[in-house]
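The values are calculated or read from the model by the stated rules, or taken from the named source; none is laboratory data. Predicted model, so just to flag it, every value in this text is computed and none were measured. So basically every Cβ, Gly included, is an ideal-geometry build from the backbone, and we count neighbours across all protein chains shown.
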Amino acid sequence: MTTYVWGYLEEYAQEREDLLDAVDTVFKSGQLVWGPFAEAFERDFADYHGVAHCAGVDNGTNAIVLALRALGVSPGDEVITVSNTAAPTVLAIDMVGAVPVFVDIDPKTYLMDVDLVEAAITPRTRCILPVHLYGQCVDMDPLQALAAAHDIPVLEDCAQAHGARYKGRIAGSMGQAGAFSFYPTKVLGAYGHAGATITDDPEIDARLRRLRYYGMDEQQYYVVEQGGQNSRLDQVHAEILRRKLTRLDGYIEARRAIAARYDESLKDLLDSGLILPETVGYNEHSYYLYVVRHPERDRIIEAMKAYDISLNISYPWPVHTMTGFSRFGYGKGDLPHTEEVAGEIFSLPMFPSLGESKQAEIIEALRTTVESL
Ligand SMILES: *Cc1c(COP(=O)(O)O)cnc(C)c1O
């Protein structure tokens, strides 16, 4: 069922030869933890984004943690972000000892409502962390103008936004740094855990490189930087990612074609209460997820099981209401749009290898379900 939702087994079937060759190449080299494969991927990933630097790390959560530290975020500092995100966005802030300050979302795009950010800035604000959720970018121009006026760095959470664009600019290249996850389900996925940061700033990059390597300068046994950890990118993932990066635009194209078919086939269900994703005119969506909304969400998910179709919710619980984050003092009622949306959103199957006939079955099942509510 999981594979049906995400489709990476289908992808493996298609790319098996190339991926096994990548594994064999790295294993034969004897350089498993550090070396030319990771360096090659970093170069290609930086080039893809038109930035100077990329540092490969062990997962997306640590990409955010290390980028926050490299940007100078210290215990007790405040980081402005959203609650409608994957919990790791906020966990990363917590891991640094900083404090998340949540702003509500725009109920149409489900993204950070940039108009609310100024009121959230305090003398302790040390970073703004917009999340380009589902594959669509936050409204970066006003956000960056505000951040620049207050001299606050912007870190983009791009874990769901590989290849997404805002006014032609690619996600991750707009703020002081961008953090990526290559968790297998993501638009660019490794075959295990992996992540990366990108930046144009050589000092931020140099700090990131020390922080991911115990706080040492490369090749030394001497810790120079506080807050380091063991977070390098494994070579085997790097080589798999380097090969898959050449196919990333194709994956995104396939996702957009699937989204266009959903858009076209489901638009008349608006009358039955089904709200489709809204892409802002200046954005190029990369459709990590195709998120729809309906007040009877739970009934729809239950009914779709009869067709052997399992639907995901990203995410059912707003982060600010989770008990593991209760020390930050937020609760139900604090972020009305975030809470309302969390009760109604769900995701339709979306992955590059989703065939047209399978998608047609999903569309028909959903139509029957929604119209019979
Ligand atoms: C997946 C994800 C992360 C965390 O990445 P991992 O590689 O799983 O640690 C962070 N933020 C967002 C928005 C994500 O979707």
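Miscellaneous remarks
- Any hit, segment 164-184, residues being near the ligand (Cβ under 10 Å from one of its atoms) and either over 14 Å from V57 (Cα atoms) or not assigned by TED's automatic domain parsing to the domain that holds A86 (or both): yes
- Condition check for G195: closer than 30 Å to I121 by Cβ and either away from the ligand (no atom under 15 Å from the Cβ) or basic (K, R) (or both): no
- Residue count, segment 317-350 (criterion: farther than 21 Å from T369 by Cα and either of a type outside the set (F, W, Y) or touching a Phe, Trp or Tyr at 6+ places or on another chain (Cβ under 8 Å) (or both)): 21
- Any hit, segment 34-47, residues being surrounded by fewer than 24 Cβ atoms within 10 Å (Cβ to Cβ) and within 16 Å of the ligand (Cβ to nearest atom): no
- Count of segment 233-283 residues which are among the β-branched types (V, I, T) and either touching a helix residue (DSSP H, G or I) at 6+ places or on another chain (Cβ under 6 Å) or not in a loop (DSSP other than H, G, I, E, B) (or both): 5
This table checks each residue for (1) outside the structural domain of C158 (by TED's automatic domain parsing); (2) under 20 Å from A342 (Cβ atoms); (3) among the acidic types (D, E).
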residue	(1), (2), (3)
L66	no, no, no
D104	no, yes, yes
Y110	no, yes, no
D113	no, yes, yes
P130	no, yes, no
V138	no, yes, no
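- If you go through segment 294-311 and keep only what is touching a residue at least 12 places away in the same chain (Cβ under 8 Å) and touching a Gly at 6+ places or on another chain (Cβ under 9 Å), you end up with H294, P295, E296, R297.
- Positions within segment 33-46 being more than 17 Å from A177 (Cβ to Cβ) and either modelled with pLDDT of 95 or more or assigned to a strand (DSSP E or B) (or both), in sequence order: P36, F37, A38, E39, A40, F41, R43, D44
- Every residue from segment 299-329 that is part of a loop (DSSP other than H, G, I, E, B) and either in contact with a His (Cβ under 7 Å, 6 or more places away or on another chain) or more than 26 Å from Y287 (Cα to Cα) (or both): M322, G329
- Filtered residues of segment 263-289 (kept if charged (D, E, K, R) and under 22 Å from V187 (Cα atoms)): D263, E278, E284
- Residues being surrounded by fewer than 21 Cβ atoms within 10 Å (Cβ to Cβ) and in a helix (DSSP H, G or I) - total across segment 342-361: 6
- I240 vs. criteria of a type in the set (V, I, T), under 22 Å from the mean Cα position of the chain (by Cα), outside the structural domain of A171 (by TED's automatic domain parsing) and buried (at least 20 other Cβ atoms within 10 Å of the Cβ): no
- Residues in segment 263-302 that are on the phi > 0 side of the Ramachandran plot and surrounded by fewer than 17 Cβ atoms within 10 Å (Cβ to Cβ): G273 alone.
- Boolean, V51 is closer than 18 Å to R232 by Cβ and either more than 16 Å from the ligand (Cβ to nearest atom) or modelled with pLDDT under 95 (or both): no
- Among residues that are under 21 Å from the mean Cα position of the chain (by Cα) and among the charged types (D, E, K, R), R255 is included.
- Per the listing E10, E78, E17, the residue uniquely under 19 Å from V319 (Cα atoms) and more than 16 Å from the ligand (Cβ to nearest atom) is E78.
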